[in-house]
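Below: the structure, in structure tokens.
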Amino acid sequence: MLAVKTPETAPQTVSRDVFRSAMSILAAAVNVVTTEGPDGRAGFTATAVCSVSDEPASLLVCLNRNASVYPAFRDSDYLCVNTLSADQQALSNTFGGKSPMAERFAAAQWSTDVTGSPMLDGALVNFDCRISNRVAAGSHDILICEIVGIRQQESGDGLIYFQRGYCNATPLG
């Protein structure tokens, strides 16, 4: 028989290391999130992206308030989530590192759509978004984003981050 934990016996906290180890098992698509704001272009690599609703079409993006790009996203009302294909791992590393913004954006071709946020040419899908709400949670802001435009490739393998490494996502069958 399984023991049921009551509030009195449940652990009160989980260590940062234990949490991070457990989260590494949660496979996620790799995205480059971009904006064009008052201070110019900014972007970062993110796996903390997921759908919220299909009516209105919306997704969320989690952004660490200590990130160097935080002020650019704080001061912008728009962003684009660019979901990377399997052959764009180097771009993920560029946007996930400490490279200057000009170098990050010089590493790929970009266009714009409805919001003016940079859309990565060759991404599996681009979600052009208006930030409709911001919620502070721990060290991060959760950006609730209403999707105002989508550009999607017809086919391609996805780039996944799993167990602290990259994997290709190829449809079965």
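The values are calculated or read from the model by the stated rules, or taken from the named source; none is laboratory data. Owing to the predicted nature of the structure, the values given are computational and were not obtained by experimental measurement. Cβ atoms come from the backbone with ideal geometry, glycine included; neighbour counts cover every protein chain shown.
Of all the residues in segment 138-157, those that are over 15 Å from Phe73 (Cβ atoms) and touching a residue at least 12 places away in the same chain (Cβ under 8 Å) number 10. Within segment 53-92, being closer than 22 Å to Gln153 by Cα and β-branched (Val, Ile, Thr) holds for Val61, Val81, Thr83.
Among the criteria (1) modelled with pLDDT under 95; (2) in contact with a helix residue (DSSP H, G or I) (Cβ under 6 Å, 6 or more places away or on another chain), the one Ala42 does not fulfil is (1). Please work out if Ile160 is within 16 Å of Val32 (Cβ to Cβ) and in contact (Cβ under 8 Å) with a residue 12 or more places away in the chain. Spelling it out, Ile160 is indeed within 16 Å of Val32 (Cβ to Cβ) and in contact (Cβ under 8 Å) with a residue 12 or more places away in the chain.
Only one of (1) under 14 Å from the mean Cα position of the chain (by Cα); (2) more than 14 Å from Thr83 (Cβ to Cβ); (3) polar (S, T, N, Q) is not met by Ser132, so which one is it? So the condition that Ser132 fails would be (1).
Can you give me the ranges of the strands (runs of 3 or more DSSP E) entirely in segment 1-111 with at least 1 residues that are touching a strand residue (DSSP E or B) at 6+ places or on another chain (Cβ under 7 Å) and surrounded by fewer than 12 Cβ atoms within 10 Å (Cβ to Cβ)?
Numbers: elements: 31-37, 40-46, 49-54, 57-64, 78-83.
Result: 49-54.
Among residues of segment 75-102 that are at negative phi, those with a beta-carbon under 6 Å from a residue that is of a type outside the set (A, V, I, L, M, F, W, C) and part of a helix (DSSP H, G or I) at least six positions away or on a different chain give the pairs Leu84/Ser92; Thr94/Arg104; Phe95/Arg104. Among the residues of segment 137-172, just one is hydroxyl-bearing (Ser, Thr, Tyr), surrounded by fewer than 17 Cβ atoms within 10 Å (Cβ to Cβ) and outside any loop (DSSP other than H, G, I, E, B), namely Tyr166.
Given the criterion within 17 Å of the chain's Cα centre (by Cα), of a type in the set (Gly, Ala, Ser) and more than 19 Å from Val33 (Cα to Cα), identify the matching residue among Gly165, Gly138. Being within 17 Å of the chain's Cα centre (by Cα), of a type in the set (Gly, Ala, Ser) and more than 19 Å from Val33 (Cα to Cα) holds for just one of Gly165, Gly138, which is Gly165.
Of all residues in segment 112-136, those satisfying the criterion of being surrounded by fewer than 19 Cβ atoms within 10 Å (Cβ to Cβ) and not in a strand (DSSP E or B) are Thr112, Asp113, Val114, Gly116, Asp121, Gly122.
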